1. Can we say Phe456 is over 24 Å from Cys294 (Cα atoms), assigned to a loop (DSSP other than H, G, I, E, B), open to solvent by less than 40 Å² (accessible area, probe 1.4 Å) and of a type outside the set (S, T, N, Q)?
2. Which one of these is open to solvent by 70 Å² or more (accessible area, probe 1.4 Å) and either more than 17 Å from Thr307 (Cα to Cα) or in a helix (DSSP H, G or I) (or both): Thr350, Thr421?
3. May I ask you to list the residues in segment 461-473 that are touching a helix residue (DSSP H, G or I) at 6+ places or on another chain (Cβ under 8 Å) and surrounded by fewer than 20 Cβ atoms within 10 Å (Cβ to Cβ)?
4. Do the conditions hold for Asp387, that is, is it open to solvent by 60 Å² or more (accessible area, probe 1.4 Å), acidic (Asp, Glu) and in a loop (DSSP other than H, G, I, E, B)?
5. Can you tell me which residue in segment 315-346 is nearest to Pro383 (Cα to Cα), limited to those that are in a strand (DSSP E or B) and touching a residue at least 60 places away in the same chain (Cβ under 8 Å)?
6. Identify all residues within segment 394-432 that are of a type in the set (A, V, I, L, M, F, W, C) and touching a Lys or Arg at 6+ places or on another chain (Cβ under 9 Å); write none if there are none.
7. Assess whether Leu544 counts as being at pLDDT 95 or above, crowded, with 16+ Cβ neighbours inside 10 Å and in a helix (DSSP H, G or I).
8. For segment 297-333, which residues satisfy the criterion of being of a type outside the set (A, V, I, L, M, F, W, C) and more than 28 Å from Ala575 (Cβ to Cβ)?
Amino acid sequence: MRIRKLFCGFLAGIMACSTAAFAACSETEDIGNRRRIKFIASGEMTEYGTLVSITDEYNGGQGLEDGVYVDISYKPSDSYDQFLLTTYNGTGATDVFYANDRYFKKYVQQGFVQNLDELQASTGISLETDAMYQSGISRYRYDVDTNTSNDDDPLYGIVRDMSPTVIYYNQSAFEQTGVICVSVPESEIDDAYAEAFNAEHNTSFIADHLRRGFVRESVVNNYGGSYQNEAYVWSLPTQREVMVFNNRIAMSWDEVEDLGKIMTKDKWNSDSVTKYGYYTWWWFYYGFSVGGDCIEDITGEGDWVFTLKDDVPNFIVADDVEGEISVGANTYAAGELIAYTDRTDLDEETSARILQESSDLTEEYLTDEVLRLESENKLVRLPSERDAFCRYVKLAQKKDDADEYGVGLEISPQPSNVSVTGDTGMFTDGSVAMLVHKSNALLSMKETIDNSPDAFTWNVAPLPVFKEYAEDGTIGRKGVPAGASDSNAYCINSYSSEEKKLAAMKFLRYLSSAEAQTFAAETGFTVPSRPDCVDAYIAFDETLNLTVIADAAVYETPGDWWYMPDKVWIDDYWADDLNNQVRNNKMTLQEFFDRFEETQQYLNRYKKD
């Protein structure tokens with residue numbers, strides 16, 4: 001394939017090229033009847049090399065037909081944001097650029113991102129947004145006046161890539177600790193599979209036991225497989241105990257903690273080969289799995305309430321509900337989470353109070369309708385956002401330290417201990433058995449491990465999901481698969497001339513095509529923007545479980561960094577307290593929660609009159 005040859009040639013010479021050399025190739029004059037436009041990009045060399053090859057392929061092919069020539073050049077990642085903010089309307093401005101979802105809204109508010117809905121209408125060029133991951137395209141819709149991203153809000157970017165969050169795990173460490181590692185889809189685990197497994201391992205699991213991310217014989221034999229059994233007490237694995245980890249099935253919160261203890265040497269299991277069992281920087285997948293979040297728009301018009309300590313239970317429609325049921329202002333089907341405003345009773349007085357103080361609501365604020373549907377077994381109660389968040393915090397807090405919000409586990413290093421090598425460093429050097437991280441770190445971690453004298457076998461698995469089991473082995477109640485993914489979008493500079501905007505639209509049409517996205521997927525750097533190109537990503541390395549990363553691109557959504565035009569409400573008001581104080585055991589959760597009124601007051605500044 002010609003585009004692959006271009007990429008290989010680029011990698012051979014890229015390190016010899018400089019930004020100045022690229023800039024010297026960029027002229028303002030058109031080439032014959034072809035409109036010349038600038039595309040200034042950034043990223044890692046593999047990432048940028050892919051973009052160069054795709055651009056060269058366009059220039060030598062579709063660009064001829066389109067009458068467009070694209071000059072691509074490079075800016076380092078650490079200065080790309082500042083470059084865009086200071087040059088967007090000057091002589092060095094780019095016509096096409098890309099925006100990470102955490103900066104996207106800021107760029108739109110600055111006024112230099114072109115409304116693509118308007119361009120599609122004026123140019124007659126349609127961008128294939130329906131073919132893209134909707135979890136990606138929705139984050140590039142934005143109404144500046146209301147600070148919302150609804151389905152009918154203007155579109156300002158098209159998805160370039162997706163980088164979901166997954167668990168990286170040390171398979172060698174698991175196996176040395178006695179954990180059997182398998183990779184079997186849940187749909188393939190039936191009675192016949194269980195029978196064959198039991199015959200091989202001399203166990204008595206039923207299929208439901210093996211349809212778990214992690215299962216151990218002692219929990220099944222002594223507690224019916226349920227961590228909610230009142231008699232349950234954690235214990236070290238016995239010498240011959242069979243334990244099974246399946247990288248195709250999400251673990252429950254309890255399973256993460258169980259396996260995390262088994263893999264934590266100093267505090268829980270002296271036979272573990274890893275110092276810590278588990279590390280995660282992000283809390284999102286805990287809250288998102290049960291329907292919680294750190295902020296909620298209580299009017300649909302940008303009235304955001306800080307809800308991280310909100311204790312109103314979440315709800316999900318029971319699996320056996322047929323058709324749809326009405327809850328609040330919306331209708332829901334089986335397995336769907338109930339929105340915050342549909343399950344809480346927010347009168348005018350309560351709304352005004354929490355918009356000033358942040359939300360501290362409890363189950364007393366559940367609507368009568370929700371309670372009735374729960375009594376009719378149509379809705380299933382799930383943990384609150386506060387419950388989910390506290391479960392996350394306790395992973396790193398000191399073992400056996402207890403307060404009203406739970407008990408510390410110390411299966412995770414404190415953030416202060418991670419800062420020396422970084423979280424990826426603690427995984428690649430074998431210190432942490434399981435690491436939650438973005439998929440765009442996969443290639444660099446693979447290279448580090450492969451080149452290490454202490455190389456080990458590793459792979460990836462889905463993020464945990466809230467699940468509880470009945471004593472017959474079946475799932476009693478569960479949340480949904482969820483997490484936060486990173487994404488970038490291709491955008492057009494609103495200060496470019498109308499002629500260049502037309503040319504840029506033609507280029508974006510190609511960038512979002514199946515041809516361009518398939519090639520990008522083949523590099524293995526990130527998941528492509530289109531599900532119909534994802535097989536090329538999965539095939540990049542058949543030894544890795546890339547299917548779970550591709551699956552996560554469907555359901556993972558942006559993290560809190562995307563919610564507002566900037567991150568001041570996070571970085572200056574609560575994230576530092578969380579990561580440097582609470583998770584380092586220097587501040588209690590109650591002291592942390594007591595500071596939320598200041599966060600709420602700043603959130604209110606994003607509401608335009």
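1. yes
2. Thr421
3. Glu468, Glu471, Asp472, Gly473
4. So Asp387 fails the test.
5. If we take residues in segment 315-346 being in a strand (DSSP E or B) and touching a residue at least 60 places away in the same chain (Cβ under 8 Å), then Phe315 is nearest to Pro383 (Cα to Cα).
6. Leu395, Ala396, Val407, Leu409, Ile411, Met426, Val432
7. no
8. Passing the criteria: Asp319, Asp320, Glu322, Gly323, Glu324, Ser326, Gly328, Asn330, Thr331, Tyr332.
The values are calculated or read from the model by the stated rules, or taken from the named source; none is laboratory data. Everything numeric here is computed off the predicted structure, so don't read it as measured data. Note that we place each Cβ from the backbone using ideal geometry, even for glycine, and neighbour counts take in every protein chain shown. Heads up: the accessible areas ignore ligands, DNA and RNA and are worked out on the full protein's heavy atoms, side chains in. Shrake-Rupley method; radii C 1.70, N 1.55, O 1.52, S 1.80 Å.
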